[in-house]
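To keep things clear, I will list the structure first and then write my remarks on it.
The values are calculated or read from the model by the stated rules, or taken from the named source; none is laboratory data. Computed from a predicted structure; not experimentally measured. Cβ placement follows ideal geometry from the backbone for every residue including glycine, while neighbour counts extend to all protein chains displayed. When the accessible area is computed, the model is the full protein with side chains, heavy atoms only, and any ligands, DNA or RNA have been set aside. Shrake-Rupley method; radii C 1.70, N 1.55, O 1.52, S 1.80 Å.
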Amino acid sequence: MAAQSDAIDLAKIKTDYQAASAKVKRRIVVCAGTGCMAGGSMKIYEALRKVVSEAGLSVVVDLEVEAGADVHELDVHLSKSGCQGFCQMGPLVAIRPDKIFYTKVKVEDVPEIVEKTILHGEVIDRLLYVDPQTQKHCRGIAEIPFYAKQHRMVLAECGYIDPDYIHEYIAHGGYSAAERAYKEMAPQSVCEEILHSGLRGRGGGGFPTGKKWELTRIQPGPKKYVICNGDEGDPGAFMDRSVMEGNPHVVLEGMMIAARGIGADEGYVYVRAEYPLAVKRVKQAVAAAEKAGVLGDHIFGTDHSFHIHVMEGAGAFVCGEETALIASIEGKRGMPMPKPPFPAQSGLWGKPTVINNVETLATVPLILRKGAAEFRQIGTQTAPGTKTFALTGHVANTGLIEVPFGTTLGEVVMEIGGGVLDDNNQPTGDVFKAVQIGGPSGGCLTADQLDLPLDFDSLKSVGAMVGSGGLVVMNKKTCMVSVARFFMQFTQNESCGKCVLCREGTKQMLALLDDIIAGRGTEATLDLLEETAKAVQKGSLCGLGKTAPNPVLSTLRKFRAEYEAHVFQKRCPAGQCRALARPEIVPDLCKGCTMCAKKCPVGAITGERKQPHTIDPDKCIRCGACAQACKFHAIVGI
């Protein structure tokens with residue numbers, strides 16, 4: 001056993017870092033999440049580094065270098081952060097302690113930022129966020145409605161600390177919860193604390209985390225595993241990716257606490273290969289934790305060890321299911337296995353295994369720091385805590401958000417989201433049609449459910465689910481049949497093919513939806529679609545197949561009239577299905593040049609010269625000759 005004096009001194013690291021930080025006059029934080037990086041934030045970062053130095057200011061990017069007794073005063077600490085949440089307004093640059101938050105920053109803006117803000121403390125109004133409702137220039141995030149109405153716990157440090165430096169995480173209380181778990185708590189006590197907190201799995205199932213841990217803890221045998229499920233595959237979801245990119249150490253600490261609770265000495269972080277930045281930062285975090293003495297042998301000077309491996313998945317959606325994920329780690333094809341036995345009994349290589357998703361594990365250290373009782377003060381009685389959501393679609397404010405369980409759908413869409421966008425990209429509540437929640441496994445929520453609390457039980461009662469946390473907002477120009485087809489095509493492509501109902505049933509549902517969209521549907525098509533969906537839901541082996549029909553069943557239930565319009569009237573009410581679109585000439589665009597009428601081979605177009613023309617939809621054969629001839633783009637629906 002290592003001597004206690006050899007153990008890492010978290011308190012000293014925290015004190016040293018805070019002393020160094022206190023010597024910095026200003027800190028510039030550039031968002032280095034995937035979204036902002038795609039917008040060029042790293043070029044902004046490098047430009048800031050260059051221009052600040054040229055201005056004669058002392059600048060440091062690694063504050064650990066400056067930590068220690070003789071810390072001299074610094075002008076600027078330039079750092080990166082993970083996703084700051086307001087993705088559509090990126091690249092984002094925050095300046096502290098001035099509480100200035102600049103949006104849509106470009107490299108060309110850097111000299112002005114340094115000259116006006118860093119050197120003279122002036123605010124550049126044109127780089128501030130402007131609230132479209134009040135036209136107010138918001139100086140900092142506290143004034144921006146998108147942030148002001150959130151409760152950021154898991155994401156609190158993702159847009160603040162630099163994910164590349166472990167000392168900053170420690171300075172914010174990092175690894176103190178793991179230290180407490182290993183030095184002051186017995187495994188059973190760890191499991192009980194998580195159970196008393198009411199934490200439920202954030203990956204979609206909502207199973208009590210403490211109960212899962214306890215079931216694994218009581219299994220006999222010296223070898224057990226902890227797996228972090230980072231295989232986030234829902235279309236439009238990027239919550240887990242952002243946590244891994246922005247605060248990877250909190251995920252590792254959650255795994256360490258889980259390992260202490262169940263008695264594991266080895267763990268795996270399973271990340272899909274499509275998340276290269278998340279893979280890179282998690283690997284860096286593991287290496288840094290091992291170098292610092294947090295991970296590895298004799299953790300915190302105890303006789304306990306824990307080693308973490310990072311494995312890249314090939315991107316199969318089904319590997320989000322825990323038994324398929326285990327098979328993938330073992331080098332097998334990712335296919336689900338029947339349960340029982342559950343992974344808690346026989347998981348990775350036949351050993352008891354705990355599998356939690358990224359957000360669940362990232363919540364665990366917060367619980368041990370705050371205590372279960374304080375954690376339960378947030379959220380609802382049956383769903384304590386917060387949930388991250390990826391807010392996308394026809395909404396004014398898109399991005400990564402975090403709200404307490406029990407927050408209503410209306411609060412998320414209309415207040416944090418800023419309202420639903422119309423055809424002119426103006427936010428209004430009048431065009432709201434639906435929200436798809438939970439991705440391919442979820443369902444639709446409509447305008448009459450804007451007051452519905454977002455929690456496990458409330459959503460289940462209306463045939464939807466939290467899922468991993470994707471929220472896709474849709475306006476009235478969205479065809480719900482096409483939405484159902486999109487998700488059905490996704491799940492059909494991702495089906496592993498092991499069970500017949502999922503493999504063949506999803507294929508048949510996709511074909512039936514194609515018939516409806518193409519105008520070939522009949523009353524029997526609708527009946528068969530619903531019957532097949534219920535069969536797949538009931539008889540599939542794993543969660544992918546059981547939830548694959550959810551988008552179809554929920555849209556059939558909420559928007560049956562839209563399906564019937566496609567089938568009986570051969571009309572798409574949203575005007576999105578090309579095969580069912582009615583050809584017409586827009587009067588305001590038509591100049592009456594007669595070119596379309598001359599090109600029509602069946603005489604379907606009539607009208608006087610220099611007057612708007614019309615198309616007889618019953619005669620039109622949709623050959624497209626008229627649309628090609630029209631120079632004014634007045635013909636639609638062809």
Hydrophobic (A, V, I, L, M, F, W, C), modelled with pLDDT of 90 or more and over 30 Å from L471 (Cβ atoms) - does that describe any residue in region 538-555? no
The lone condition I218 fails out of (1) crowded, with 24+ Cβ neighbours inside 10 Å; (2) out of contact with any Phe, Trp or Tyr (no Cβ under 6 Å at 6 or more places or on another chain) is (1)
Given the conditions (1) part of a helix (DSSP H, G or I); (2) surrounded by 16 or more Cβ atoms within 10 Å (Cβ to Cβ); (3) acidic (D, E); (4) without any contact (Cβ under 8 Å) to a residue 60 or more places away in the chain, which single one is not true for E312? (1)
Return the pairs, sorted by first residue and then second, in which the second residue is of a type in the set (S, T, Y) and surrounded by fewer than 24 Cβ atoms within 10 Å (Cβ to Cβ), the first residue lies in region 465-486 and is assigned to a loop (DSSP other than H, G, I, E, B), the beta carbons are less than 8 Å apart, and the residues are 6+ apart or on different chains. M465/T547
V271, sole failed condition from (1) surrounded by fewer than 22 Cβ atoms within 10 Å (Cβ to Cβ); (2) in contact with an Asp or Glu (Cβ under 9 Å, 6 or more places away or on another chain); (3) without any contact (Cβ under 8 Å) to a residue 60 or more places away in the chain: (1)
Among the numbered criteria (1) within 23 Å of I262 (Cα to Cα); (2) open to solvent by 10 Å² or more (accessible area, probe 1.4 Å), which one does G393 miss? (1)
Would you confirm, using the coordinates I've provided, whether V51 is among the hydrophobic types (A, V, I, L, M, F, W, C) and either crowded, with 22+ Cβ neighbours inside 10 Å or not in a loop (DSSP other than H, G, I, E, B) (or both)? yes
Just give me the residues in region 3-38 being at pLDDT below 90, part of a loop (DSSP other than H, G, I, E, B) and either in contact with a Lys or Arg (Cβ under 7 Å, 6 or more places away or on another chain) or open to solvent by 30 Å² or more (accessible area, probe 1.4 Å) (or both), in sequence order. A3, D9, K23
Looking only at region 524-542, count how many residues are in contact with an Asp or Glu (Cβ under 7 Å, 6 or more places away or on another chain) and buried (at least 19 other Cβ atoms within 10 Å of the Cβ). 1
Criterion: crowded, with 17+ Cβ neighbours inside 10 Å, within 29 Å of T478 (Cβ to Cβ) and touching a residue at least 40 places away in the same chain (Cβ under 8 Å) - qualifying residue of K570, K558: K558
Can you pull out the residues in region 85-99 that are outside any loop (DSSP other than H, G, I, E, B), more than 17 Å from the chain's Cα centre (by Cα) and at pLDDT below 95? R96
Within region 565-583, is there a residue that is in contact with a strand residue (DSSP E or B) (Cβ under 6 Å, 6 or more places away or on another chain), modelled with pLDDT of 90 or more and part of a loop (DSSP other than H, G, I, E, B)? no
Give the residue, chosen from M239, M244, M255, that is over 20 Å from A177 (Cβ atoms), open to solvent by less than 10 Å² (accessible area, probe 1.4 Å) and not charged (D, E, K, R). M239
Counting only residues in region 409-431 that are open to solvent by 10 Å² or more (accessible area, probe 1.4 Å) and either touching a Lys or Arg at 6+ places or on another chain (Cβ under 8 Å) or at pLDDT 95 or above (or both), the one farthest from P145 (Cα to Cα) is identified as D423
